[in-house]
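The structure under discussion appears below in the form of structure tokens.
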Amino acid sequence: SYMEQELRSQPETWREAARIGAADGPLPKAGQRVAVVGCGTSWFMAQSYAALREGAGLGVTDPFPASEAFLGDGRGYDAVLAITRSGTTTEVLRVLEAVKGRIPTVTVLGDPETPAVELSDETVALPFADERSVVQTRFATTALTLLRAHLGEDVTRAVGDAEEALATPIEQEWVDAEQFAFLGSGWTYGLANEAALKMREASQSWTESYPAMEYRHGPISIAAPGRVTWLFGRAPEGLEAEVTRTGAHFVSHARDPLADLVLVQRVALERARARGLDPDNPRSLTRSVML
Ligand code: F1P
């Protein structure tokens with residue numbers, strides 16, 4: 001499948017993106033107040049980037065689903081960063097239109113010959129990470145790798161961990177599980193949201209996602225034997241024991257969290273196959289949502 005080919009190429013596309021991200025370019029400068037917009041997967045990457053940028057002390061960074069970003073009057077932002085693989089998503093184009101001439105915009109996109117280019121002041125194109133799949137895998141992670149490198153992060157370990165995640169065996173328990181709860185904190189919360197979306201899109205699985213410690217405030221009542229609670233990043237104290245008591249399978253890996261998302265993409269693919277679904281033709285989805 002396209003999805004499999006594309007997700008397997010992630011170490012290479014991440015390496016290329018790291019090179020571009022580390023160079024000086026049109027991406028937000030330190031100190032700027034930035035609104036980051038996207039839809040679906042691209043919104044979740046916006047969430048992760050925002051937490052990383054604020055964590056690095058580089059300036060206020062607010063992520064919005066493009067449909068809920070009402071930035072027409074500027075709202076005090078110095079820049080708008082849009083993330084869109086297709087460059088055609090209606091809500092993203094509407095934001096770019098609304099802020100044109102008021103706030104400088106930069107768009108990270110896969111296809112450089114799309115309407116988003118006309119509407120953006122600046123663009124960073126990642127055509128080598130563009131995809132034929134409906135279900136995004138490598139564009140999203142490659143865009144986030146670009147942004148991590150731009151924040152000054154050394155992503156060498158992440159690339160190595162992605163290679164390792166591609167070679168890791170998929171546990172049968174993950175293929176058979178009835179339900180998944182993905183958890184994350186800080187920048188890994190966006191990854192948890194994306195993992196849950198990937199499993200829904202590719203394999204029609206029942207998945208949820210929460211900020212790690214919020215899970216204890218209600219959603220843990222769903223945890224049970226035959227279900228999986230998968231945490232991205234380091235486990236907050238006591239969480240593993242609390243989940244394990246429910247009988248749910250608790251998963252938390254030491255690898256770079258973005259590389260752990262690669263493993264979830266593979267689980268989604270495996271579950272699609274086990275259910276006789278074609279991950280390249282997901283139910284009710286199109287490659288880009290346009291009104
Ligand atoms: C965003 C997106 C995808 C999703 C679906 C519809 O597209 O929401 O994340 O998987 O296929 O479109 P884009 O703006 O990044 O092209």
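Nothing in this text is a laboratory measurement; each read-out follows from the coordinates by a stated rule. These numbers come from a predicted model, not from an experiment. Every residue, glycine as well, gets a Cβ built from its backbone with ideal geometry; the counts of neighbours run over all protein chains shown.
What does the C-alpha gyration tensor say about the overall shape of segment 92-135? Classify as rounded when a/c is under 1.5, otherwise prolate if a/b is larger than b/c, or oblate. Because a/c hits 1.5 or more and a/b exceeds b/c, segment 92-135 counts as prolate.
Extension gain, residue 15 to residue 163: 0.36 nm times the residue separation minus the Cα-Cα distance gives 52.1 nm. Within the listed set 26, 11, 63, the Gaussian network model of the chain (springs between alpha-carbon atoms below 10 Å) gives the highest mean-square fluctuation for 26.
So how do 133-141, 54-62, 165-173 stack up, highest first, on mean other-Cβ count within 10 Å?
133-141, 54-62, 165-173
For segment 157-274, just say rounded, prolate or oblate: build the C-alpha gyration tensor, square-root its eigenvalues into a ≥ b ≥ c, call rounded for a/c under 1.5, and beyond that prolate if a/b exceeds b/c, oblate if not. Note, shape of segment 157-274 comes out oblate.
Taking Cα centre as origin and charging only the Cβ of basic (Lys, Arg, +1) and acidic (Asp, Glu, -1) residues, the dipole magnitude of the chain rounds to 260 debye.
Extending 7 Å from the Cα toward the beta-carbon at both residue 291 and residue 2 defines two label points whose distance is 2.6 nm. Remark: the Cα gyration tensor places segment 9-157 in the oblate category, a/c being 1.5 or greater and a/b not exceeding b/c. With both labels modelled 7 Å from their Cα along Cα-to-Cβ, the residue 234 to residue 254 distance reads 1.4 nm.
For the pair segment 43-107 and segment 145-170, the centres of their Cα atoms are 24 angstrom apart. Taking every C-alpha pair closer than 8 Å and separated by at least 6 residues, the mean separation divided by the residue count of segment 82-172 gives a relative contact order of 22 percent. Under a Gaussian network description of the chain, with springs only between Cα atoms under 10 Å, the residue in 145, 90, 105 that fluctuates furthest is 90.
Extension gain, residue 113 to residue 244: 0.36 nm times the residue separation minus the Cα-Cα distance gives 42.2 nm.
A Förster distance of 45 Å, applied to the separation of the beta-carbon atoms of residue 78 and residue 132, puts the FRET efficiency at 0.80.
Spin-label model, residue 173 to residue 68: label points 7 Å out along the Cα-to-beta-carbon direction sit 3.4 nm apart. Here the peptides 174-184, 33-43 are ranked by packing, the mean other Cβ count within 10 Å, and the order with the highest first is 33-43, 174-184.
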